[in-house]
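Okay, structure first, notes after.
The values are calculated or read from the model by the stated rules, or taken from the named source; none is laboratory data. Keep in mind it's a predicted model, so treat the numbers as computed, not measured. Heads up, the Cβs are rebuilt from the backbone with ideal geometry, glycines too, and the neighbour counts pull from every protein chain shown.
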Amino acid sequence: MRTATVTRATSETEITVEINLDGTGSYDNQTGIGFFDHMLDQLSRHALIDMTVRAKGDLHIDDHHTVEDTGIALGQALVKALGDKTGIRRYGSCLLPMDDAQVRCALDLSARPFLIWNVPMPSPKIGTFDTELVREFFQALSTHGGITLHIDLLHGFNSHHIAEATFKSVARALREAVETDPRTAQAIPSTKGAL
Ligand SMILES: [Mn+2]
């Protein structure tokens with residue numbers, strides 16, 4: 001079973017993430033930040049990764065530590081669940097429209113973290129949520145998940161749609177990348193023999 005549980009506690013946050021890469025996209029995400037829960041739900045649903053997240057963060061300061069640290073824990077859980085990456089497709093991409101917004105994601109489960117982020121947000125807030133935290137989340141996910149992660153906004157004007165299209169685009173790309181390829185089920189997808 002490609003599952004993992006990661007618990008991470010600091011003076012700023014306490015987070016537990018449970019994932020199943022071979023799930024159906026069922027989720028139960030509770031971070032205390034409504035909009036962020038909504039985004040994590042999208043990630044789970046469209047990646048078909050079962051996901052349970054419990055986060056207790058220092059929300060009296062702001063949402064920053066909770067969002068970033070959830071990205072760290074989720075990245076660590078991905079690494080743990082993927083193991084030696086035998087049989088995975090490794091690469092994934094998705095061009096995802098949501099109303100006015102279209103987001104392109106291309107990713108490689110390379111163990112070489114690199115984030116290309118070209119997603120300008122038209123407004124600083126979505127409700128009470130700081131839109132700049134969307135980048136913080138994906139930076140943490142890339143760094144701790146060992147993901148080469150390229151995300152570009154092609155067009156769009158509504159920040160809620162842009163953020164949501166971003167999470168959905170990454171989700172679909174991730175679904176493809178973590179899937180096992182029946183043609184190479186016993187192989188690690190690298191000429192180096194390790195990923
Ligand atoms: Mn929405």
Note to self: Restricting to segment 144-178, name every residue that is polar (S, T, N, Q) and either within 15 Å of the ligand (Cβ to nearest atom) or outside any strand (DSSP E or B) (or both).
What the structure shows: 158, 159, 166, 169
Next item on the list: State yes or no: is residue 90 in contact with a helix residue (DSSP H, G or I) (Cβ under 9 Å, 6 or more places away or on another chain) and charged (D, E, K, R)?
Entry: yes
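Return yes when residue 45 is of a type outside the set (Phe, Trp, Tyr) and in contact with a Phe, Trp or Tyr (Cβ under 7 Å, 6 or more places away or on another chain) and no when it is not.
On the way: of a type outside the set (Phe, Trp, Tyr): yes; in contact with a Phe, Trp or Tyr (Cβ under 7 Å, 6 or more places away or on another chain): yes.
Considered against the rule, which asks whether it is of a type outside the set (Phe, Trp, Tyr) and in contact with a Phe, Trp or Tyr (Cβ under 7 Å, 6 or more places away or on another chain), residue 45 comes out as yes.
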Next item on the list: From the list 53, 6, pick out the single residue that is farther than 20 Å from residue 172 by Cβ and either more than 16 Å from the ligand (Cβ to nearest atom) or among the small types (Gly, Ala, Ser) (or both).
Entry: 6
Checklist line | Matching residues in segment 1-22 - criterion: being crowded, with 19+ Cβ neighbours inside 10 Å and either without any contact (Cβ under 8 Å) to a residue 60 or more places away in the chain or touching a Gly at 6+ places or on another chain (Cβ under 6 Å) (or both) | finding: 13, 15
Margin query: What are the pairs with Cβ atoms under 8 angstrom where one residue, in segment 160-173, is farther than 19 Å from residue 126 by Cα and the other, located anywhere, is in a helix (DSSP H, G or I) and within 14 Å of the ligand (Cβ to nearest atom)? Sequence gap at least six, or different chains.
Written below: 170/43; 171/42; 171/43; 171/45; 171/46; 172/46
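Restricting to segment 20-48, what's the tally of residues that are within 13 Å of the ligand (Cβ to nearest atom) and farther than 18 Å from residue 179 by Cβ?
9
So, residue 37, is that one touching a residue at least 24 places away in the same chain (Cβ under 8 Å) and surrounded by fewer than 22 Cβ atoms within 10 Å (Cβ to Cβ) or not?
Details: touching a residue at least 24 places away in the same chain (Cβ under 8 Å): no; surrounded by fewer than 22 Cβ atoms within 10 Å (Cβ to Cβ): yes.
No: the conditions fail for residue 37.
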Margin query: Given the condition crowded, with 18+ Cβ neighbours inside 10 Å, of a type in the set (D, E, K, R) and in contact with a helix residue (DSSP H, G or I) (Cβ under 7 Å, 6 or more places away or on another chain), answer yes or no: does some residue in segment 159-171 qualify?
Written below: yes
Check: Does segment 71-89 contain at least one residue that is at pLDDT 95 or above, small (Gly, Ala, Ser), surrounded by fewer than 18 Cβ atoms within 10 Å (Cβ to Cβ) and under 18 Å from the mean Cα position of the chain (by Cα)?
Finding: yes
Next item on the list: Please identify the pairs in which a residue from segment 118-141 that is more than 14 Å from residue 70 (Cβ to Cβ) has its Cβ atom under 6 Å from the Cβ atom of a residue that is small (Gly, Ala, Ser), counting only partners at least 6 apart or on another chain.
Entry: 121/159; 122/159; 123/159; 126/159; 131/159
Check: Is it the case that residue 107 is farther than 30 Å from residue 1 by Cβ, aliphatic (A, V, I, L, M) and either away from the ligand (no atom under 16 Å from the Cβ) or in a strand (DSSP E or B) (or both)?
Finding: no
Next item on the list: Would you check which residues across segment 114-131 are over 14 Å from residue 39 (Cα atoms) and not in a loop (DSSP other than H, G, I, E, B) and list them?
Entry: 114, 115, 116, 117, 118, 125
